[in-house]
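The structure under discussion appears below in the form of structure tokens.
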Amino acid sequence: MRRSQPFRVASCALAGLLLAVSAGADEPAPAAVAARVEGYLGGAVIHESGNDRDSAVDAGGAGSFSALIGPVYLQADVFGDYNAFNSAASDVGFGGHLGYSDPELFSVGASFSYQEINWRRDIPNRDVEDDYLRAGGEAELYLDALTLGAMGGYLENAERDKGGYYARGLVRYYLWDDLKLEVNGGVAKFGSGTQPQARALVEYRPPAWPIGFFARWDGAFKSGLDQNFAVLGFRLYLEGLSLDSPRSLRATDRIYFRESCQGFLFGARAC
């Protein structure tokens, strides 16, 4: 028996509705909390004019906990790093972010961090401890697969009673939703010294996996002193504190997480 035209139209409409519902079900509403844990291992090279290059193993990690209250995000960070130069350096610190976010359009907020860096030298009684404080603003603009970001604010070295500023720009592009490329660059200034900084990162997270893998390079360039840190690492993502991964890396980045560590280099990776 031939079906009537109205019946066919109604059938197509119902099928389209079911497809839309099932597509929406693939990515549920964001959980109220999420966490990200990062670990990495690689190498560092420092070259000072007139001296040979000094190379060392570099290792560290970071952890972030994010909470959403409507469009307001709150993120807490901890981080640490170690490199085994002749004058070995280690650092630990914590930070936070507070702001407003629309994952389809933009995010804007404030951030701060405190970090202690220790240099242990071969010369007796020449160990050095420095405390760094950073406080400022951050913003990201979302243009389909492209993210444009900016951050800047106040830097202080409490031990040496030196103040200054930092300013950086960010370009992030998702080749597809689970593969991102990122470049980041700017300056850090203390007293009369200004140091250009740069970073490049590529991260891939297999679809539906709670873990992603990345390669990252950080560099700092000042007259007479070049620093380069390159590492491979992983990031574990927990949405709702669960290993289930209902959304892409791109969506996870924009909904939940800001930069846990800005990655400035002062002989160690200062956040």
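The values are calculated or read from the model by the stated rules, or taken from the named source; none is laboratory data. Quick caveat, the model's predicted, so the values are computed rather than measured. Heads up, the Cβs are rebuilt from the backbone with ideal geometry, glycines too, and the neighbour counts pull from every protein chain shown.
Of the residues making up the range 172-203, just one is touching a residue at least 40 places away in the same chain (Cβ under 8 Å) and hydroxyl-bearing (Ser, Thr, Tyr), namely Tyr174.
Of the residues that sit in the range 55-91 and are under 24 Å from Gly152 (Cβ atoms) and of a type in the set (A, V, I, L, M, F, W, C), which one is surrounded by the fewest Cβ atoms within 10 Å (Cβ to Cβ)? Step by step, filter the range 55-91, then rank; the result is Val72.
Farther than 22 Å from Gly80 by Cα and touching a strand residue (DSSP E or B) at 6+ places or on another chain (Cβ under 6 Å): is that true of Gly185 in this structure? Here the answer is no, as Gly185 does not meet what is asked. The residues on offer are Arg199, Arg247, and the sole one that is of a type in the set (D, E, K, R) and either assigned to a strand (DSSP E or B) or in contact with a strand residue (DSSP E or B) (Cβ under 7 Å, 6 or more places away or on another chain) (or both) is Arg199.
For the range 210-217, the criterion of being surrounded by 21 or more Cβ atoms within 10 Å (Cβ to Cβ), more than 22 Å from Glu116 (Cα to Cα) and of a type outside the set (S, T, N, Q) is met by at least one residue. Going through the range 222-247 one residue at a time, which ones are of a type in the set (S, T, N, Q) and either surrounded by fewer than 17 Cβ atoms within 10 Å (Cβ to Cβ) or at pLDDT 95 or above (or both)? Listed by number, the residues that qualify are Ser223, Ser242. Per this entry, Glu182 is counted among residues that are modelled with pLDDT of 95 or more, surrounded by 13 or more Cβ atoms within 10 Å (Cβ to Cβ), acidic (Asp, Glu) and assigned to a strand (DSSP E or B). Which residue pairs have Cβ atoms under 9 Å apart, sit 6 or more places apart or on different chains, and have a first residue in the range 210-221 that is free of Cβ contacts under 8 Å to residues at least 40 places away in the same chain and farther than 26 Å from Leu238 by Cα and a second that is surrounded by fewer than 20 Cβ atoms within 10 Å (Cβ to Cβ) and among the hydrophobic types (A, V, I, L, M, F, W, C)? So the pair list comes out as Phe221/Ala198. Any chance you could count how many residues in the range 248-271 are of a type in the set (Lys, Arg), surrounded by fewer than 23 Cβ atoms within 10 Å (Cβ to Cβ) and under 17 Å from Glu138 (Cβ atoms)? So the count comes out to 1.
If a residue has to be part of a strand (DSSP E or B) and crowded, with 16+ Cβ neighbours inside 10 Å to count, how many in the range 97-109 make the cut? Matching residues across the range 97-109 total 6. Within the range 50-100, being of a type in the set (Ser, Thr, Tyr), farther than 18 Å from Val231 by Cβ and over 16 Å from the mean Cα position of the chain (by Cα) holds for Ser87, Tyr100. Here the range 138-158 is the region considered, the condition is being assigned to a strand (DSSP E or B) and over 12 Å from Gly169 (Cα atoms), and the residue that is modelled with the lowest pLDDT is Asn157.
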